[in-house]
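Please treat every number below as a calculation from the coordinates, not as lab data. The model shown is predicted, which means the values in this text are computed figures rather than measured ones. Cβ coordinates were reconstructed from backbone atoms using ideal geometry, including for glycine residues, and neighbour counts include every protein chain displayed.
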Amino acid sequence: MHWLRRYRLLILGAICLFWTGLVLLLHFTPGVPFLSAVWSGEQQFEDLLQKQGRKTPTRDDFVFLGIDQSTLELPPFAPEELANNRAFQLMTARPFPWSREVYALLLDRLFGAGARLVVFDMAFNPPNDGDPQFHAALDRYRDRVALAANFDVANAMQAIVPNEVLIPPPQLADPRVGYANYFPNLLDRRTRTINYTMTDRQLAGLPAHPSEQAYHSLAARGLEQIGRGADVPRGHDAHMLRFSDEDAYPPRPLYEIFDPKFWHANYHDGAFFKNKIVMIGASAQIFHDVVATPLGPGLPGPALHLNAMAAAMAHQFLHMTPLPVDYALVLAAGLLAWALIAFVRRPGLVLTFLVGITLAYLAVVRVAYDWIGLLLVAVPVLAVFLLSGLFSLGYEYAMERIEKLRTRRTLERYVSKNLVKEILDNPGGYYSSLKGVRIPATILFSDIVGFTSLTENADPEALVKQLNEYLSRMTAAVFENGGTLDKFIGDAVMAVWGNVRSRGPAEDTRMAARAALAMRRELWTLNAGWHARGIAPFAIGIGINQGDVLGGNIGSQEKADPTVIGDAVNLASRLESLTRTYGLDILVGPTATELLRDEFHLRSVARVQVKGKNEPVEIATLIAARSAEIDPDFLRQLEGYEEAFQKFRLREFREAKILLTRFLESYPKDFLAKMYLERAVEYEQTPPDEEWNAVEVFKKK
């Protein structure tokens, strides 16, 4: 324990260093199963920021025309509706993919309505019907249209481009063609970044070279076509998007463009498309053209291109802190946790700081994300901070508990167990109760009969060993019955019930009686063992009294004891002394007698006036608990004794003599019966005067 306290700061530092190193290791091993918990936790937290934090503003001039299920199936048309609608004739002539003349008609329709740009998230690679008409339209609107190409990941990044009829080779060099690929994170398959440009080296998994020819993404081509090429980020690195709302660009059924009813009702005869940027692509579930992003698992691919264009036009990109800064933040978190635990010694305040700093850091992370697009590392930092703090706090708590237990065990060698518990568990309440207060309490005094004479001839070492064995058993009886060991007075024991924590006067007194009976039993056991070893036995006297006492810290400024004083305490001490006079081991005061009568067998002893009291009191002896097994004949004979006792009080000495003689026939060694028989015979022959009231007055303690 000593070295744990001595090296406390080093141990706390080791705890914080352990969690710092472990979290750093786990955070930068994302591919290891189970160990990737910190990394995945950080990814999930960043995704939560994307969902809950600031978004790229949704653009009103972006429209997504989707090839959805209703477009693929098409509603039934009347013959007159088909007669004059070339697009519907082509779309109903055969299932998708339709003749590409449909897209030529679509371009004419949209640009005729004033659209600014039309982007096809479709790779028109195999030749198809209508390619010449579509080629002519692409040439007509060459500065306002963009088509998708695709790199086939499964076939060594082979480029799938629009066929030569539509766009002459090299297609990827044509300003109308851009690749539609997005490259998700390999571990969780979520797309968070976009490469607006890429090179062959990057496609092969190598770093890009500055002089290398670059390919442009579909989003980049779209921006260049509308004269916003300057908004395309420079360089070939992946850029983390700040997404728009998940439902920012819902798909509209493509077939409605050709339906006069919807063209009029939903698009105001084309006015809706004035200066709009229109994205055309798949939205039906059968195409499976959905991308998992921080916003969710099902963002349509065409909508992702619109997000990329919107982010570039608004310059809404996110960037992460450099790796050295991440390390510095994690190390700072561990250091801060160590400083809190090391120098703030109040656990409640430490917990408040841990929670407060955590919330403050989360607020800083949110502000940094919303206002400057900075993704501060959060989960590793807070994991180190909280784990270091809580485990260090747990270590401090364990050390405190061990120290408290050690202190408790040390104190219990000198102070009553229940008093130690109250002091350590409730120091404020306990100390405030010791300012001096009058309380009802039950006091027990126990003393060894003739111990002074024993010390004159006995071997000191053997006697001390025997005394310690005796006192250990006696105090155990007190503790087991909820009493407070007030003090040892040489070989005497003083115990109190109700001063530290009271269960009520009646129960306090009953526990004191149980303790006295336990002391009697323990002494019988001890005497039997000592007799077998040739050691002289002990005899004890016990006095129990209940009454109001003054409780408090009694003593000097240098040393004080929590104890009780008062007349009730003095009477308990006198009763213990009177056990020698009446040949009994337990005497009980008047109030205690009444409180015990229902649960214990009692025997009347005398009406006495002890030294220091002006009024006599009735005293009794404790026989046993009513629940104990007792000789029924003794209880019947005891009724005769009690009748004789009352006859004696009423000056009916002859009747008392007869009853006592009858009792002694069964119990000839009974000291009390013999004493009262002798007095009854004496008073029968020489009656006492009229003032006699059966009170025995004791002038000595």
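Annotations
- Put in line by how crowded their Cβ is, counting other Cβ atoms within 10 Å and starting with the fewest, Leu375, Leu12 read Leu375, Leu12.
- Cut-off under 5 Å, modelled amide H: who pairs with Ile554 long-range: Asp561, Thr563
- Counting only Cβ charges, +1 for Lys and Arg and -1 for Asp and Glu, the dipole size of segment 61-315 around its Cα centre is about 480 debye.
- Correct option for log10 I(q)/I(0) by the Debye sum over Cα atoms at q = 0.07, 0.08 Å⁻¹ [calculated from the coordinates] among (1) -0.55, -0.72; (2) -0.61, -0.81; (3) -0.68, -0.77: (3)
- Footprinting exposure proxy ranking of Ser40, Ser604, fewest other C-beta atoms within 10 angstrom first, gives Ser40, Ser604.
- Theoretical gain in end-to-end length, Glu81 to Asp129 [0.36 nm per residue, Cα-Cα removed]: 15.0 nm
- FRET efficiency, Lys674 to Glu400 (Cβ-Cβ, R0 60 Å, nearest 0.05): 0.45
- Projecting the Cα atoms of Tyr103, Thr563, Ala333 onto the dipole axis of the chain, where Lys and Arg carry +1 and Asp and Glu carry -1 at the beta carbon, places Thr563 farthest toward the positive end.
- Amide hydrogen proximity for Phe600: with H placed 1.01 Å from N in the peptide plane, the residues at 5 or more positions away or on another chain lying under 5 Å are Arg626.
- Magnitude of the charge dipole, segment 536-659, Cβ model with Lys/Arg +1 and Asp/Glu -1, debye to 20: 560 debye
- Percent of beta bridges antiparallel (DSSP, the chain, rounded to nearest 5): 65 percent
- Comparing Ala656, Pro688, Ala644 along the charge dipole axis of segment 631-701, the residue lying farthest to the positive side is Pro688, per the Cβ-charge model.
- For segment 260-301, the residues whose backbone nitrogen is under 18 Å from a point 7 Å from the Cα of Asp188, taken along Cα to Cβ, are 291-299.
- Net +/- balance of residues flanking Pro76 in space, Cβ distance below 15 Å, scoring K and R +1, D and E -1: -3
- Sum of side-chain charges, Asn85 neighbourhood, beta-carbon under 15 Å (Lys, Arg +1; Asp, Glu -1): -3
- For segment 290-299, Karplus couplings with θ = phi - 60° (6.51, -1.76, 1.60), whole Hz, Gly/Pro x: 10, 10, 7, 10, x, 7, x, x, x, 7
- Each Cα pair under 8 Å and six or more residues apart adds its separation to the average, and for segment 631-701 the resulting relative contact order is 27 percent.
- Put a plus charge on the Cβ of each Lys and Arg, a minus charge on the Cβ of each Asp and Glu, and nothing anywhere else: the dipole of the chain about its Cα centre is then about 1700 debye.
- All other residues whose Cβ lies under 12 angstrom from that of Pro126 are scored, Lys and Arg at +1 and Asp and Glu at -1, for a net of -2.
- Sequence of His305, His268 once ranked by neighbouring C-beta atoms within 10 Å, starting from the fewest: His268, His305
- Based on Cα contacts under 8 Å between residues 6+ apart, the chain shows a relative contact order of 11 percent.
- Sites Glu684 and Asp633, calculated FRET efficiency, Cβ-Cβ separation with R0 30 Å, nearest 0.05: 0.60
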